[in-house]
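Only one structure is covered here, and it is reproduced in the block below.
The values are calculated or read from the model by the stated rules, or taken from the named source; none is laboratory data. Note that the coordinates shown come from a computational prediction; the quantities given were computed from them, not determined experimentally. Quick reminder, even Gly has a Cβ in these numbers, built from the backbone with ideal geometry, and neighbours come from all protein chains shown.
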Amino acid sequence: MSDHDITYLTDVFLLTCVVQSGLSEVILRAARDVGARTGATSHLARGTGARERLGVLGIAVETEKEVISIIVSSEQRDLVYDTIYRAAELNVPGRGFIYCMALEKFSTYIPQSIMKGLDKGDEPV
């Protein structure tokens, strides 16, 4: 496959949220409700933190977390970020955290009907 067969999106960001297990559906629904159109990935992870070091003899206790990753455009970034922060109640200690990273380039299949609309300057649906 040559480079001209690949569509590169360059004005995109990766939002990653690490939260207590069981919150991913709330987060994904909130992101969809404010217009996050790309797919999201959710998976389980294990981690330790200062609060988990309460086991016997101060040995860290593993805790299960959910990691949600969503790719958004620069126009959606702040709205989706703030919406996820509020939906997950990340202002409560121990609930989790969210961070954002600019992506250099991102590629996926984009149907020709959408590509033609983008070439004309139309907003994607």
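Data table
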read-out	value
Contacts under 7 angstrom Cβ, first residue in segment 70-82 being of a type outside the set (A, V, I, L, M, F, W, C), partner buried (at least 17 other Cβ atoms within 10 Å of the Cβ) and not in a helix (DSSP H, G or I), 6 or more apart	73/12; 74/13; 76/36; 77/13; 81/15; 81/98
Filter result for residue 84 (of a type in the set (A, V, I, L, M, F, W, C), closer than 23 Å to residue 26 by Cα and not in a helix (DSSP H, G or I))	no
Subset of segment 36-51 [over 11 Å from the mean Cα position of the chain (by Cα) and at pLDDT below 90]	37, 46, 47, 48, 49, 50, 51
Residues of segment 86-125 that turn out to be closer than 20 Å to residue 70 by Cβ, modelled with pLDDT under 80 and surrounded by 11 or more Cβ atoms within 10 Å (Cβ to Cβ), as a count	2
Looking only at segment 9-47, and only at residues there that are in a loop (DSSP other than H, G, I, E, B) and among the polar types (S, T, N, Q), the one that is surrounded by the most Cβ atoms within 10 Å (Cβ to Cβ)	38
